[in-house]
1. Where in the range 68-163 are there helices (runs of 4 or more DSSP H), lying wholly inside it, with at least 2 residues that are more than 25 Å from LYS486 (Cβ to Cβ)?
2. If GLY387 satisfies all but one of (1) in a loop (DSSP other than H, G, I, E, B); (2) buried (at least 16 other Cβ atoms within 10 Å of the Cβ); (3) of a type outside the set (A, V, I, L, M), what's the number of the condition it fails?
3. List the residue pairs whose Cβ atoms are under 7 Å apart, where the first residue sits in the range 80-93 and is among the aromatic types (Phe, Trp, Tyr), the second is assigned to a loop (DSSP other than H, G, I, E, B), and the two are 6 or more positions apart or on different chains.
4. Would you confirm whether any residue within the range 127-142 is touching a Lys or Arg at 6+ places or on another chain (Cβ under 8 Å) and open to solvent by 10 Å² or more (accessible area, probe 1.4 Å)?
5. Report whether or not ARG419 is in a strand (DSSP E or B) and without any contact (Cβ under 8 Å) to a residue 40 or more places away in the chain.
6. Given (1) open to solvent by less than 70 Å² (accessible area, probe 1.4 Å); (2) in contact with an Asp or Glu (Cβ under 9 Å, 6 or more places away or on another chain); (3) at pLDDT 95 or above, identify the lone condition not met by SER24.
7. In the range 18-67, which residues are part of a loop (DSSP other than H, G, I, E, B) and of a type outside the set (Lys, Arg)?
8. For the range 24-70, how many residues meet the condition of being hydroxyl-bearing (Ser, Thr, Tyr) and closer than 17 Å to LYS334 by Cα?
Amino acid sequence: MAILGTLLKKGIMLRESLEQLYTSPLDLQKQELRNLLIQCQSTKFGMSHSFDSILTSFKKGKNEFYKSFTEKVPIHDYDKIYQDWWHMAKEGERDVCWPGKIKYFALSSGTSGASSKYIPITREMVKSIRKTSMRQILTMGKYDLPASLFSKGILILGGSTDLKKSGHYFEGDLSGITAAQIPFWFQHFYKPGKRIAKTKDWNDKLEEIVKKAPDWDIGIIVGVPAWLQILMEKIIEKYNLKTIHDIWPNLQIFVHGGVSFEPYKRGFEKLLSRPLNYMETYLASEGFIAFQAFPNRKSMRLVMNNGIFYEFIPFTDTNFDEDGKLKSEAKTVKIDEIEENREYALLITTNAGAWRYMIGDVIKFTSLEEGEIVITGRTKLFMSLCGEHLSLDNMNKAIELVEEEMKIDIREFTLLGDRSDSLFAHHWYIGTDDEVENYQLKERIDHHLMRLNDDYKVERSSALREVRLSVLPTEVFYKWMESQGKVGSQNKFPRVLKKEKAQLWRNFLNEQNTEVS
């Protein structure tokens, strides 16, 4: 790693990074799809969907390959691809959607639909994740960092590496699966180390890390913001510190993903004596999709040449219904047909056997030339009771603005739809341990949303009659997650609760006799 620090200062780049820099996105993506089809033409899925015929279309006109692919391979959500195909791989069958036998399945937190999703993880996918991770590490050469940083410890707060053996396969968090297979040269720097990483109970793992914290010289932390913030607070309390830098003076980088960091940032920075360099990743259970390639940018570079083929569905009422479900007549586009600053639902085809799989995220390209994207929400985690089309991006931005304006720390929040007589209402539940005046908080959130979203502003004067707001202690949100079996590295509190989950949340608050202010 010390050698890596020297290489970073010289601006070394991997071949894959150079290839993406000097090749058109369409050419890169066409090659990725061709490779995936060739590898899988003898699988059950490949033979069922005429991969040999699709492959012959690559010799024809510019768009024939894509036309043939979309005609022969249907779009899948998790339920469809699991029921039709993945369940066979889970039962031990070979050559289902990817050559060979699937040895690992990642358990995804499932913010909608199934409570837990079983996502196949192949050897090729793990290699792709490592390659993209190295590409992101090498972008650190663009930051003003000392080479000595890369001799410090890297704390990765992830799932247990003691994977559960379930018949023909092992299951666990993706972070646990990949951490169990870290390369030997990285093991010296990796914290919390093999023993603690195996700990299954999440709270026990946090306590073990707190005990070992004084023994480590940490330079980089990696994880979901909410859980890392909880960990740092525990360390600061245990050792009676002012900030986390009192125990880890060389901490300089926070690599985060899973949720928008902005609503957490204000509270997070109270735990620091100086600012960190923040690096965002888009690492889903289905693959490593994008990473932040430049300091001081809020966008991420889409990885176009590492085992994933992308398609895009314009996120509009034409293609999706009011519940975020894809309509049968929805149209997809490929990488050369997208427009900047337009929202798209993302489809992926991967080297783990996902085919035209709707991952559930909504993205927007900020730069076509550089392939830079931002995540704006989820297909089912948005609010539109009456045409207000309130996106996750809108919600996060409004909370960020209110935190700054009112000088408060909002650790968690969620939004529910309600009735207001014959019309509609939004009900916000805000998690903060700061003193706050409810009416002012509600008014400022409403004000910012009207400024951020024209549709919301229109509906606030018509069908969206009322905005309600309840303030709760932050611990209430984490207790609910625990009651749902959602404690751990990859679990996040849903920003929108609908239908059954909304009722579960209301029931939980009633059972807890939670005092709502």
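The values are calculated or read from the model by the stated rules, or taken from the named source; none is laboratory data. Everything numeric here is computed off the predicted structure, so don't read it as measured data. Glycine gets a Cβ as well: all are built from the backbone with ideal geometry, and neighbour counts include every protein chain shown. The area values use the complete protein model at the heavy-atom level, side chains included, leaving out ligands, DNA and RNA. Shrake-Rupley method; radii C 1.70, N 1.55, O 1.52, S 1.80 Å.
1. Fully inside the range 68-163 and qualifying: 87-90, 123-139.
2. Just one mismatch for GLY387, condition (2).
3. What qualifies is TRP85/VAL96; TRP85/CYS97; TRP86/CYS97.
4. Scanning the range 127-142 turns up at least one residue that is touching a Lys or Arg at 6+ places or on another chain (Cβ under 8 Å) and open to solvent by 10 Å² or more (accessible area, probe 1.4 Å).
5. yes
6. The one condition SER24 does not meet is (3).
7. Passing the criteria: TYR22, THR23, SER24, GLN41, SER42, THR43, HIS49, SER50, GLY61, ASN63.
8. Matching residues across the range 24-70 total 5.
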